[in-house]
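The values are calculated or read from the model by the stated rules, or taken from the named source; none is laboratory data. Just so it is clear, the structure is predicted and the values come from calculations on it, not from any experiment. Please note: Cβ atoms are built from the backbone with ideal geometry, for glycine as well, and neighbour counts cover all protein chains shown.
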Amino acid sequence: MKCLVAIVGPTAVGKSELALHLARDFPVEIVSADSRQVYRYMDIGTNKPTLAERASVPHHLIDVVNPDEDFNLAMYHQLATEAIKAIQQKGKLPLLVGGSGLYLWSILEGWKIPQVPPNPKLRCDLEARAKREGSYMLYKELQQIDPLAATKIHPGNIRRIIRALEIYHMTGQLPSQLWRKEAPGFPIRIIGLTVERSKLYNRIDQRVDKMIQKGLVAEVEELVKMGYSFSLPSMSGIGYKQVGQFLQGQLTLPAAIEQIKYETHHFARHQYAWFHLDDERIHWFDVSPSSIILSPSLPVILSVVKNLISLRVNSPKNLIRGFIA
């Protein structure tokens, strides 16, 4: 039976750990919903699963493009949809795992993404304006043009702000109106992981420290040696931007590390704007212990997945809490 499980929640809450654990008990393949893990050579700062983990469980939508290549929502939606269909055709369960709300909901709600090709000249003009006037001025312009689209984009995500403005100027239509929705047509269970805020921040800080220990600075240095500029959108992500500022003498390393932690805390708070704790489509689990494996929620989550797999498609019980049918 065709179905889908999504694991959502803020960064560092344990989504990937849960997905790998589910792979021990169920025939699954993982579809990443992370806007940074699509880039090759950017492993430590994006916290990609290890090669051993990817060898044990098939992963999709990781290492898709080079850091200097374009990647947008339309591309993600097409590739993720194809991956999910292929996994289902093999009789396996797709696990959609990540914290990029735009990517996740585009799949879960069946968005129909406008296929608008990039306009390099328009992008250059908008990028120049962002440098001259500040990115928030472009965000305010988007708010005036399409308030609904603006609510779905972080004010600091200049790449997506520019893309939304690009769609508007090229089509004359509001991006939010072009994002039509069509239900996927099969049961979906959305598992949300959450944790008390101070504990989440502590996990984030520990993860950042581990990234530095693993060689994040050396990874960024290698990217620069390969010819990838600090001005690339891929290099503007949390971690890469701050390490870049350190390498250019704009920050000390301790200051860069503290800035990475601060920005990641802010990002985690923003993720809850995508995944509301009162959203009845999401079945939330508190995973306060240091590991999801130790959480008393784990047996319940395993039961949820088992029940979904055994659920009959035509049952009226499909439309229950945590399902999209």
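Points to keep in mind about this one:
- Among the criteria (1) in contact with an Asp or Glu (Cβ under 8 Å, 6 or more places away or on another chain); (2) in contact (Cβ under 8 Å) with a residue 40 or more places away in the chain; (3) within 30 Å of SER229 (Cα to Cα), the one ASP34 does not fulfil is (1).
- Note on segment 185-200: residues that are closer than 30 Å to LEU4 by Cβ and either crowded, with 18+ Cβ neighbours inside 10 Å or of a type in the set (Gly, Ala, Ser) (or both) total 11.
- Only a single item in (1) touching a residue at least 60 places away in the same chain (Cβ under 8 Å); (2) within 22 Å of ASP209 (Cα to Cα); (3) of a type in the set (S, T, N, Q) is not met by GLN88, and it is number (2).
- Within segment 298-323, residues that are surrounded by 11 or more Cβ atoms within 10 Å (Cβ to Cβ) reach partners that are at pLDDT below 90 with beta carbons closer than 6 Å, at six or more positions or on different chains, in the pairs VAL313/MET1; ASN318/ALA325.
- Hits in segment 169-190 (condition: within 14 Å of PRO114 (Cα to Cα) and of a type in the set (D, E, K, R)): ARG180, LYS181, GLU182
- Residue in segment 32-46 that is of a type in the set (Lys, Arg), in a loop (DSSP other than H, G, I, E, B) and either modelled with pLDDT of 95 or more or not assigned by TED's automatic domain parsing to the domain that holds SER297 (or both) present: yes
- Subset of segment 274-294 that is within 17 Å of LEU20 (Cβ to Cβ) and of a type in the set (A, V, I, L, M) - its residue that is surrounded by the most Cβ atoms within 10 Å (Cβ to Cβ): VAL287
- Residues that are surrounded by 18 or more Cβ atoms within 10 Å (Cβ to Cβ), farther than 22 Å from VAL8 by Cα and of a type outside the set (A, V, I, L, M, F, W, C) within segment 242-273 comprise GLN242, GLY244, GLN259, listed in sequence order.
- If you go through segment 1-41 and keep only what is under 23 Å from VAL65 (Cβ atoms), out of contact with any Phe, Trp or Tyr (no Cβ under 8 Å at 6 or more places or on another chain) and β-branched (Val, Ile, Thr), you end up with ILE30, VAL31.
- Every condition in (1) closer than 15 Å to SER106 by Cβ; (2) surrounded by fewer than 18 Cβ atoms within 10 Å (Cβ to Cβ) is met by ILE145 except one, and the failing one is (1).
- Top-ranked residue of segment 201-227 - restricted to ones that are without any contact (Cβ under 8 Å) to a residue 60 or more places away in the chain and among the aliphatic types (A, V, I, L, M), ranked as surrounded by the fewest Cβ atoms within 10 Å (Cβ to Cβ): ALA218
- Total residues in segment 188-205 satisfying the condition of being in contact with a Leu (Cβ under 6 Å, 6 or more places away or on another chain) and not basic (Lys, Arg): the figure is 1.
- Residues of segment 257-285 classified as assigned to a helix (DSSP H, G or I), acidic (Asp, Glu) and under 20 Å from the mean Cα position of the chain (by Cα), total: 1
- Of all the numbered requirements in (1) in contact with an Asp or Glu (Cβ under 8 Å, 6 or more places away or on another chain); (2) aliphatic (A, V, I, L, M); (3) surrounded by fewer than 16 Cβ atoms within 10 Å (Cβ to Cβ); (4) farther than 25 Å from GLY98 by Cα, MET170 misses one, and that requirement is (1).
- Selected residue (only one of LEU61, LEU108, LEU93 is at pLDDT 95 or above, more than 15 Å from the chain's Cα centre (by Cα) and within 18 Å of PRO184 (Cβ to Cβ)): LEU93
- For segment 218-256, a tally of residues being touching a helix residue (DSSP H, G or I) at 6+ places or on another chain (Cβ under 6 Å), β-branched (Val, Ile, Thr) and in a helix (DSSP H, G or I) returns 2.
- The test for being among the charged types (D, E, K, R), touching a His at 6+ places or on another chain (Cβ under 7 Å) and either in the same structural domain as PHE275 (by TED's automatic domain parsing) or in a strand (DSSP E or B) (or both) does not hold for GLU82.
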